[in-house]
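One structure is given here, and the rest of the page talks about it.
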Protein chains: 2
Amino acid sequence: MKIDALGRTPQLPSRIASRILQEIVEERLKPGDRLPTEQALADSFGVSRNVVREAISRLRSDGIIQSRQGVGAFVARTAVPTLRFDAEALADPSAFQALFELRAILEIRAASLAARRRTPEQLAALERALDRMRGTEKWASGGVDADLEFHKAVAEGTGNAYIRMAVSFLSEQVRVTIMETRARPEAELGDIVEVTIAEHAAIHDAIAAQDPARAQDAMARHIHLAALRLGYRLELTEPV
Amino acid sequence: MKIDALGRTPQLPSRIASRILQEIVEERLKPGDRLPTEQALADSFGVSRNVVREAISRLRSDGIIQSRQGVGAFVARTAVPTLRFDAEALADPSAFQALFELRAILEIRAASLAARRRTPEQLAALERALDRMRGTEKWASGGVDADLEFHKAVAEGTGNAYIRMAVSFLSEQVRVTIMETRARPEAELGDIVEVTIAEHAAIHDAIAAQDPARAQDAMARHIHLAALRLGYRLELTEPV
DNA sequence: ATAATCCTATTGTCCTACAACCCTATAAGT
DNA sequence: ACTTATAGGGTTGTAGGACAATAGGATTAT
């Protein structure tokens, strides 16, 4: 039995990345400063250059380091934005309504863009998601997943990865919040899902027909009714 | 102004990481699923195994992937939803345009809601932000901060904390990307800021007048022109 | 039936080589 | 004198090969 059987020792790239990050956090390396060369870092840490590259690649992904080929690697001047919502705050119904509204803004517009841009493959994925909703037992949590999948398929149809990521993020946040705050989430959401198949079908039909205005109206109507079913009233009466 | 002035094509590890992430986001890979082997991924993407390793290392750093030596790499079980965009991927002009579009959807709708809901205190904050833009030396990065502050003040006027947080997140992401990919960001953005004071004033005036349609139109116009100034054309011709 | 050993598959690390890019100094042209 | 082009050296980005370390399943021994 060795110590590291208790938990896996981090691999070298992870450890090197942490060491470099420490230099930055302790301000021995400041924004704009140039790191030693990859080879010099490899020499001083006693590892291969590949390991250093992986470590730097991690920090680059986090936006902490920026590399320029032929020049060097530098400490970035600005931090990377991250969006995360306080799960406890969302237990408050008014906070949840605000989140729902944010999601509505995105998804209503996404439906319009999907109607305009969707490819046949994306439409097929939307149809599969709709079929999955029809086949879902109303008392199973699969109803939630199918609903989520439908909305993601719509967002996918926009052809914009950031819309898709934002919708996925928000949908997941809504789902997690409902699952964590409802007494009997599956039963309630199962009912909701059955009622809304017609609404989803209307969205699907408009996207299939490549009718942006109709898709937008159908999504607005669906979101509005979904909010009502959850006990909220959203302001969607203005043109959206 | 050329499109490629925005910066370099992302390197292979970043692109491969995005592709793998796409598989996960689109649920072709689900939590607990095992990825193809590194060599198989290298073969199918047509890159060396080192590149695949760097890509996976990035995703491991983000907690999205977990690797077990001798076994394989697996999609991690879902944790708290987090939204963060790969800083390097955004150096790609088409990715940046997609981000800009996402931001546009939110901010245009936020202007309408702010016109309807803003309080006198929030209007005063908007006025201060506008004044700050007027007083800003056009060659200083303070112009960027003032612009950001104006947009945050608009989002604050919606009375929806999640809209405000999302707008802040997206605005910051746009700002960071511009600052990191432009040869002389301060000079260029300073010029942009001066040109747009009239546009911002129109937004402010509509919000002060509590005219949602006019606020929405003013923001759409501003976003549309801002995109043009950055070399993009957004699809905002549909009703939003 | 259980434990030990073996074998295969896969990740983790190292090494070498070369492409691509960047910067600076020098040479050539105007 | 000033501008432009070129060469050389340095550094990152990628490819490919080799072997170490780890894990899991199959086989063999008790």
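The values are calculated or read from the model by the stated rules, or taken from the named source; none is laboratory data. Quantities reported herein were computed from a predicted structural model and do not represent experimental measurements. Virtual Cβ from ideal backbone geometry, glycine too; neighbours counted across all protein chains shown.
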Practice problem: State yes or no: is A:GLU121 away from chain B (no Cβ under 12 Å) and of a type in the set (Asp, Glu)? | Solution: no
Exercise. Sort out which residues of region B:30-56 are in contact with a helix residue (DSSP H, G or I) (Cβ under 9 Å, 6 or more places away or on another chain), at pLDDT 90 or above and more than 12 Å from DNA strand C (Cβ to nearest atom), and write them in order of number.
Key: B:ASP33, B:PHE45, B:VAL47
Quiz item: So, in region B:80-106, of the ones that are part of a loop (DSSP other than H, G, I, E, B) and touching a residue at least 60 places away in the same chain (Cβ under 8 Å), which residue ends up nearest to DNA strand D (Cβ to nearest atom)?
Solution: B:GLU88
Quiz item: B:LEU113 versus (1) at positive phi; (2) within 13 Å of chain A (Cβ to nearest Cβ): which is the lone unmet condition?
Solution: (1)
Practice problem: Answer yes if at least one residue in region B:68-79 is within 8 Å of chain A (Cβ to nearest Cβ), part of a helix (DSSP H, G or I), within 28 Å of A:THR177 (Cβ to Cβ) and polar (S, T, N, Q), and no otherwise. | Solution: no
Self-check item: Odd one out for B:SER57 among (1) at the interface with chain A (Cβ under 8 Å from one of its Cβ atoms); (2) more than 13 Å from DNA strand D (Cβ to nearest atom)
Solution: (2)
Self-check item: Selected residue (criterion: nearest to DNA strand D (Cβ to nearest atom)) from residues of region B:40-54 that are free of Cβ contacts under 8 Å to residues at least 12 places away in the same chain and assigned to a helix (DSSP H, G or I)
Solution: B:ASN50
Quiz item: Only one of these conditions is not met by A:ARG58: (1) under 24 Å from A:ARG164 (Cβ atoms); (2) part of a helix (DSSP H, G or I); (3) not polar (S, T, N, Q). Which number is it?
Solution: (1)
